[in-house]
Amino acid sequence: MNKQKIIFSGIQPSGQMHIGHYIGAISQWVEMQKDYDCVFSIVDYHAITVKQNPEELRRRIIEVTKIYLAAGIDSQKSIIFQQSAIPAHTELAWIFNCYGARMADLNRMTQFKDKAGENRESVGVGLFDYPVLMAADILLYDTDIVPVGEDQKQHVELARDIARRFNSEFGEIFKIPQSVVRQEGARIMSLLDPAKKMSKSDVNQNNCIALLDSPEAAKKKIMRAVTDSGIEITYDLVNKPAIANLLTIYAQLGTRQVKRLEKDYAGHGYGEFKKDLAEVVAKFLEDFQKKYNRISDDDVVKILEDGRKKAEAIAQKKLEEVRKLIGVR
Ligand code: ATP
Ligand code: LTN
């Protein structure tokens, strides 16, 4: 009997993937594969909570899968699947809408407030209900640990609340999951404004290094990145947030840790530091894209189909139990 802990996480195929996704999420998943049974999803039904162009969505689903693989997610070891391929996710979300998820909980979700903004009354219901679908994703697989960014912690809390309520009514059916937020690199900031996170939704693409940017373009973006006043290269989040962010990127994509970089760059200027960082980023992208380009669309179709079969067997079993408990079977 396999007793390894279970990890579940996912990314929406809704925009350009950037080094923030790699450093903040995917590279951590790659590490976790060593010690855990992992399930990674391309959460396309989350992506449609905001408007998507169908052609672009289709392309992004393949792109995100290739990015998982190129980053080192091993389809032999971990399950990789497309959320919409398994109807159990939306079905369980509906059941949670009726049992466990409360209006008051969803009204508290800060991401909904941020994303809906002024349009709270006119946005689609899906955007409001999004955390319930996320709870279904997580709870279907008896997940122990959910590695996510800081902004998703509240959603994992909600999944725990839903699981507890459901369990207290029907018995111990769902495992209570925990979120894990990586400390270093949890938030890669914009290259142009270190107060904002690097984001695929930003209009100015110079803020962000996409994983599929050409190495040359990425170098230019690094050279254009803002720095702080002063001349020293030190990790100081309060006084030098721009340099701290560049140091984090350097350490995460290169081979030297921040402490080592601080020592090595003592007495050297920003210009030299940025030039070296640009080379490190370019080299990382070159290697990454080599792996990415080796993966064909046909490979992706096969891997997703294989992942669907494996994930569906687990999800369907859990859903069947739930259906019985609530009295529809
Ligand atoms: P964006 O703001 O760029 O649209 P997002 O948070 O909506 O990004 P998701 O696809 O939801 O992007 O993110 C997937 C994962 O990547 C999440 O765990 C998220 O926290 C992480 N992530 C996204 N942007 C960054 C970043 N700049 N730094 C670190 N992690 C990030
Ligand atoms: N909401 C998450 C993506 C997501 C997810 C999940 C993450 C959907 N379902 C389950 C972890 C577990 C996001 O936008 N980053």
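The values are calculated or read from the model by the stated rules, or taken from the named source; none is laboratory data. The shown structure was predicted, so the numbers you read here are calculated from the model rather than taken from an experiment. All Cβ positions, even for glycine, are placed from backbone atoms using ideal geometry, and neighbour counts span all protein chains on display. Heads up: the accessible areas ignore ligands, DNA and RNA and are worked out on the full protein's heavy atoms, side chains in. Shrake-Rupley method; radii C 1.70, N 1.55, O 1.52, S 1.80 Å.
Key figures for this structure:
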read-out	value
Under 13 Å, Cβ to Cβ, from K324 - net charge with Lys/Arg +1 and Asp/Glu -1	+2
For the stretch 41-175: lysine pairs under 29 Å (alpha-carbon distance), excluding those fewer than 8 apart on one chain	13
Residues K263 and K113, FRET efficiency given R0 of 51 Å [Cβ-Cβ distance, rounded to 0.05]	0.70
Three-way shape label, the chain, alpha-carbon gyration tensor, a/c 1.5	prolate
Dipole of the chain, positive direction: furthest Cα of A217, V43, N239, with charges on the beta-carbon	V43
Burial ranking of peptide ranges 80-89, 262-271, 305-314 (average Cβ count within 10 Å, highest at the top)	80-89, 305-314, 262-271
Net dipole in debye of the stretch 155-232 [+1 Lys, Arg Cβ; -1 Asp, Glu Cβ; about Cα centre; nearest 20]	140
Loop trypsin sites (Lys or Arg not before Pro), the stretch 178-210 (other Cβ atoms within 10 Å of the site Cβ: 13 or fewer; DSSP)	K196
Karplus-derived 3J(HN,Hα), 6.51/-1.76/1.60, for each residue of the stretch 75-86, Hz, glycine and proline x	6, 7, 9, 9, 8, 10, 8, 8, 3, 5, 6, 10
Debye, to nearest 20: dipole size of the stretch 3-65, +1 on Lys, Arg Cβ, -1 on Asp, Glu Cβ	80
Percent carbon-and-sulfur accessible area, the chain, ignoring ligands, DNA and RNA, probe 1.4 Å	51
Helical mean residue ellipticity (222 nm; -39500 (n - 2.57) per DSSP H run of 4+; nearest 500) of the chain	-16500 deg cm²/dmol
Ellipsoid semi-axes in whole angstrom, largest first, where each is sqrt(5λ) of the Cα gyration tensor of the stretch 170-213	35, 13, 10
Within-12-Å neighbourhood charge of Q205 [Cβ basis; K, R +1; D, E -1]	+2
Mean Cβ count within 10 Å, highest first, over the residues of peptides 215-225, 18-28, 158-168, 105-115	18-28, 158-168, 215-225, 105-115
Solvent-accessible area per residue, Å², over the chain with all protein chains present [probe radius 1.4 Å]	49
Using θ = phi - 60° and Karplus 6.51 cos²θ - 1.76 cosθ + 1.60, couplings along the stretch 259-266 (whole Hz; Gly, Pro as x)	4, 5, 4, 4, 5, 5, 9, 4
Segments 253-261, 144-152 sorted - mean Cβ within 10 Å per residue, highest first	144-152, 253-261
Crossing angle, helix 270-294 versus the chain [Cα axis fit, 0-90 degrees, rounded to tens]	40
Phi-based couplings in Hz for the stretch 243-255 (Karplus 6.51, -1.76, 1.60; Gly and Pro marked x)	5, 4, 5, 5, 5, 4, 4, 4, 5, 6, 9, x, 10
Value of Rg/Rh across the stretch 144-191 [Cα atoms, Kirkwood radius]	1.16
Degrees between helix 125-139 axis and first principal axis of the chain (Cα, 0 to 90, nearest 10)	80
Folded to 0 to 90 degrees: helix 88-98 orientation relative to the chain principal axis, Cα	70
Between the stretch 1-68 and the stretch 75-140, the Cα center-to-center distance that results, in Å	16
Candidates Q76, Q205, Q289, ranked by Gaussian network fluctuation over the chain, Cα under 10 Å, top entry	Q76
Accessible-area value, I249, 1.4 Å probe, nucleic acids and ligands omitted, Å²	0
Share antiparallel - DSSP beta bridges, the chain, percent rounded to 5	20
Net charge contributed by nearby residues that have their C-beta within less than 15 Å of A163 (K/R +1, D/E -1)	-3
